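Each value in this text was obtained by applying a stated rule to the coordinates, not by laboratory testing. Given the structure is predicted, the values throughout are model-derived calculations rather than measurements. Reconstructed Cβ throughout: ideal geometry from the backbone, glycine too, with neighbour counts over all protein chains shown.
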Amino acid sequence: MAEKSPPHPSDIFLPSPEAVHHSRIPDYEGLYARSIADPHSFWEERARLLSFT
């Protein structure tokens, strides 16, 4: 079986505004900004939310 090539950039489809509105990450821009401004603290906080049980 031949491997599929990665999608061409023109093949990328963005979600509709309605899908974005109902996403599980309503403050994506804020989270992204925090992750860039202070990555250590951001990922430390995110890691505390994980459950390994």
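Label sites at H8 and Y28, each approximated as a point 7 angstrom past Cα along Cα to Cβ, lie 2.4 nm apart.
Loop-located GluC sites (Glu not before Pro) in the chain (DSSP state not H, G, I, E or B) with no more than 13 neighbouring Cβ atoms inside 10 Å: E3. Exposed loop sites were defined as trypsin sites (Lys or Arg not before Pro) in DSSP loop states (anything but H, G, I, E or B) carrying at most 12 other C-beta atoms within 10 Å; in the chain the longest segment without such a site runs 25-53. Chymotrypsin sites (Phe, Trp or Tyr not before Pro) within the chain: which are DSSP loop residues with at most 13 other Cβ atoms inside 10 Å? Those satisfying the criteria are F13, F52. Relative to the longest principal axis of the Cα atoms of the chain, the long axis of helix 39-48 lies at roughly 80 degrees. Only one of the values (1) 6.6; (2) 7.4; (3) 4.3 was calculated from this structure for mean projected area of the Cα convex hull in nm²; name its label. The listed entry that was calculated here is (2).
Taking Cα atoms only, the orientation of helix 28-37 departs from the longest principal axis of the chain by about 60 degrees.
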